[in-house]
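A short write-up of the structure that comes next.
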Amino acid sequence: MSIAIAVHLCMARPVWRAGLRIGAGTMLDIRPMVAADSEALLAHVRGLSVRSRHNRYLGGVNELARAEVERLLGGAGGTVFPLIAELVECDRRTMVGEAVYAIDRQAGSVEFALSVRDDWQGRGIGAALLAAIASCAGKAGARLLHGETLRGNDAMLALAAKVGAIEARHREDPRLVRIERRLTAASAALAA
Ligand SMILES: CC(C)(COP(=O)(O)OP(=O)(O)OC[C@H]1O[C@@H](n2cnc3c(N)ncnc32)[C@H](O)[C@@H]1OP(=O)(O)O)[C@@H](O)C(=O)NCCC(=O)NCCS
């Protein structure tokens, strides 16, 4: 049984494909999030377990404000890009994850954060989202991918290690660990 991953990023063209075993006849689609996804995003965050939400928002958020979501999804031409991961089965789409990446063109870096629905964690979706972000970051010319996570977030730290990221001290907050991965042209191509 296999699930095909078709990732539609950087506004439209698929840039990354891989195989991932989950279920028969199901495709994981990762694409830019648009305004029409706002209800799904609100429901996704509301539906995360307390622990996952705590980890995703570094302890700070119980529920996303609608205005914040509208700002996030309405921003054409900005530097912050939200992605949605959906299972596609017979034209039915189910949101199972999200990610946000922010490009700092001056620094040549991209910062990311992501979450996967609790009942779909551990099936490769986080890794697929991270690979998609790395691909977009590489295409945007970034040479450094970075994020921050709570010190006890073993799943995120393990995922980061798996993709070759290193842990660094967080300068401002001892509760946090900074995750960094250098992007070379080769690693961007590999992620693609
Ligand atoms: C962190 C998170 C995004 C990982 O997503 P995921 O889809 O569960 O991860 P994957 O299935 O792609 O796992 C990829 C690798 O990460 C590691 N990993 C993931 N979850 C793990 C866990 N609970 N324990 C140990 N390692 C884990 C493994 O190395 C795994 O590879 P393997 O299955 O070949 O061993 C997910 O747990 C999540 O949404 N957590 C809540 C939000 C959050 O913490 N966000 C990060 C801060 S921004």
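The values are calculated or read from the model by the stated rules, or taken from the named source; none is laboratory data. All values derive from a computational prediction rather than experimental measurement. When we count neighbours, we look across all protein chains shown, and the Cβ atoms used for this are built from the backbone with ideal geometry, even at glycine.
Summary of values
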quantity	calculated
Residue under evaluation Y57, criteria (1) at pLDDT 75 or above; (2) over 24 Å from A160 (Cβ atoms), criterion not met	(2)
Residues within segment 146-166 that are more than 7 Å from the ligand (Cβ to nearest atom), under 22 Å from C136 (Cα atoms) and charged (D, E, K, R), tallied	1
Among (1) among the hydrophobic types (A, V, I, L, M, F, W, C); (2) in contact with a Cys (Cβ under 8 Å, 6 or more places away or on another chain); (3) away from the ligand (no atom under 14 Å from the Cβ); (4) at pLDDT 95 or above, the one test that A40 misses	(2)
Per-region count, segment 144-165, residues at pLDDT 95 or above, buried (at least 17 other Cβ atoms within 10 Å of the Cβ) and either of a type in the set (D, E, K, R) or part of a loop (DSSP other than H, G, I, E, B) (or both)	2
Pairs, first of a type in the set (S, T, N, Q) in segment 136-155, second more than 10 Å from the ligand (Cβ to nearest atom) and at pLDDT below 95, C-beta under 6 Å, six or more apart	none
Residue check for R169: more than 15 Å from the ligand (Cβ to nearest atom) and either among the charged types (D, E, K, R) or touching a residue at least 24 places away in the same chain (Cβ under 8 Å) (or both)	yes
From V45, V110, residue being more than 23 Å from L144 (Cβ to Cβ) and modelled with pLDDT of 90 or more	V45
Test: residue in segment 72-93 that is crowded, with 16+ Cβ neighbours inside 10 Å, over 12 Å from the mean Cα position of the chain (by Cα) and free of Cβ contacts under 8 Å to residues at least 40 places away in the same chain	yes
